[in-house]
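Colleague: Have a look at the structure that comes next, please.
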Amino acid sequence: MAMNKRILVTGRLPEVIMAELEKVFLVDANTEDKPYERQKLLHGIKDKDGLISMITDNINEEVLDSASRLKMIAHFGVGYNNIDIKAATARGIPVSNTPGVLTDATAELAFALILAIARRLVECDRATRDGHFLYWAPMLFLGREVTGKTLGIIGLGEIGKAVARRAKGFKMRILYNNRSRIDASEEKELGAEYADLQKLLIESDFISLHVPLTGETRHLIGKAEFSLMKPTAYLINTSRGPVVDEQALLGALLNRTISGAGLDVYENEPALTPGLTELSNVVLLPHIGSGTLETRIKMASMAAENLIAGLSNKVPPNLVNPEVLQNRRLTE
Ligand code: DGY
């Protein structure tokens, strides 16, 4: 079903999905695997009916004001804190995201970080490559066991629950904190016990963050929270960087207020707080939570499906601003 609509895709998506989009739309796309330049975005959006956006695009009023024809934003990602939803809604533009399809990939990565930091995988790899594996010894690179420990999950949405399911396999005690408590039957199925934030921070050996970035969650974990954690605790962040006060984290790692951290996201990414890279008790990844080929294809396909629905004046399956439907811009 070819549509005479123009779209902008600001990231390099898997070819199979680009081919599908090109069958339907007139596509202008970022062909490089790096963030789309701001000026290109501001210029390129002018004559477009639809946009597939990336987390690296700041879709603010400036962009929306340039986009007088825009009728749909299909965001490639579950977190959409980079989009001014209020401003898009005020202009009648529906916005969608890609929930569900990246749950397992992100939970896998959170668990990979738990194992990597506890068992010192990156340190050990570096030492082995550097020729320091000269003999076996009983106390060599001792890590901490994950099995049977307490995992505190902050934000028990789909990804938090997927982390809990994996933790069950490691016989972990699971505490969770969430805006609202989940059903008792689901708590039982997950083996997860509700705890207020203070109890969770005090009792957990691993604390994994799975909250969206909002005004309420910015700097949710800072100096006061680190001071409640066990000196043997590890912090894992695969959610959004600004949920953690990174300067306070640096201090907590330097002073050994906590044992270590596994990070996939940063407060000012891609910039890192100076000093972080010098520490051996932190594992640093470049925001790859949903970065598997399988998941990227599913995310792109979901974004395409939402865009097609939106530009056909249908309700996109993953609409995040349903209030827009009263005044949405329609396509002819
Ligand atoms: C997400 O989907 O939110 C990932 O972090 C990529 O943006």
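The values are calculated or read from the model by the stated rules, or taken from the named source; none is laboratory data. Bear in mind the structure is a predicted one, so any value in this text is a computation, not a measurement. All Cβ positions, even for glycine, are placed from backbone atoms using ideal geometry, and neighbour counts span all protein chains on display. Ligands, DNA and RNA are stripped out before the accessible areas are found, and what is left, the full protein with its side chains, is counted by its heavy atoms. Shrake-Rupley method; radii C 1.70, N 1.55, O 1.52, S 1.80 Å.
Colleague: For segment 182-332, what proportion of DSSP beta bridges, expressed in % and rounded to the nearest 5, is antiparallel?
Modeller: 10 percent
Colleague: Peptides 215-227, 62-74: what's the order by average Cβ count within 10 Å, highest mean first?
Modeller: Ranked from most to least packed, the peptides come out as 62-74, 215-227.
Colleague: Mind checking the full-extension length gain between residue 38 and residue 230? Use 0.36 nm per residue of separation minus the Cα-Cα distance, one decimal, nm.
Modeller: Taking 0.36 nm per residue and subtracting the Cα distance, the gain is 64.8 nm.
Colleague: Oh, and also: With every protein chain in place, what's the accessible area of residue 132 (1.4 Å probe, Å², nearest 10)?
Modeller: 120 Å²
Colleague: Sticking with this structure for a sec: Starting from the Cα coordinates of segment 184-234, work out the convex hull volume and express it per residue in Å³.
Modeller: 99 Å³
Colleague: According to the Cα gyration tensor, what semi-axes, each the square root of 5 times an eigenvalue, does the equivalent ellipsoid of the chain have, listed from largest to smallest in whole Å?
Modeller: 39, 22, 18
Colleague: So who's got an amide H within less than 5 Å of the one on residue 261, skipping anything under 5 residues away but keeping other chains? H placed 1.01 Å off N, in plane.
Modeller: For residue 261, whose amide H was placed from the backbone, the distant partners under 5 Å are 235, 282, 283.
Colleague: Distance check, please: which entries in 161/298; 149/188; 34/230 exceed 27 angstrom between their Cα atoms?
Modeller: Pairs exceeding the cut-off: 34/230.
Colleague: Please state, as a whole number in µm²/s, the translational diffusion coefficient that the Stokes-Einstein equation yields for segment 107-154 at 20 °C and 1.002 mPa s, with Rh defined as the Kirkwood radius across alpha carbon pairs.
Modeller: It diffuses with D of about 174 µm²/s by this estimate.
Colleague: Same structure, new question: When the helices in the chain are scored as -39500 (n - 2.57) per DSSP H run of 4 or longer and the sum is shared across all residues, what 222 nm value do you end up with, to the nearest 500 deg cm²/dmol?
Modeller: Per the formula, -10000 deg cm²/dmol.
Colleague: While we're on this one: Setting aside same-chain residues fewer than 8 positions from residue 71, which aspartates and glutamates have a Cα under 13 Å from its Cα?
Modeller: Partners found: 47, 49, 332.
Colleague: Give me the percent of DSSP beta bridges within the chain that run antiparallel, rounded to the nearest 5.
Modeller: So the antiparallel bridges amount to about 5 percent of the total.
Colleague: Calculate, in whole percent, how much of the Cα-Cα pair population of segment 35-136 lies beyond 22 Å.
Modeller: Looking at segment 35-136, the distances longer than 22 Å represent 49 percent of pairs.
Colleague: Could I ask something else about it? Could you work out the relative contact order of the chain, using alpha carbon pairs under 8 angstrom and six or more residues apart, expressed as a whole percent?
Modeller: 19 percent
Colleague: OK, next. Expressed as a whole number of Å, what is the distance separating the alpha-carbon centroids of segment 190-225 and segment 306-328?
Modeller: 33 Å
Colleague: A further question on this structure: Convert each backbone phi in segment 53-68 into a coupling constant with the Karplus relation 6.51 cos²θ - 1.76 cosθ + 1.60 (shift: θ = phi - 60°), then list the ³J(HN,Hα) values in order as whole Hz, x for Gly and Pro.
Modeller: Each residue of segment 53-68 in turn: 9, 10, 4, 7, 8, 8, 8, 10, 4, 4, 5, 5, 5, 7, 10, 5 Hz.
Colleague: Report the equivalent ellipsoid semi-axes for segment 246-332 in whole Å, largest first, defined as the square roots of five times the eigenvalues of the gyration tensor built from alpha carbon atoms.
Modeller: So the equivalent ellipsoid measures 42, 16, 10 Å along its semi-axes.
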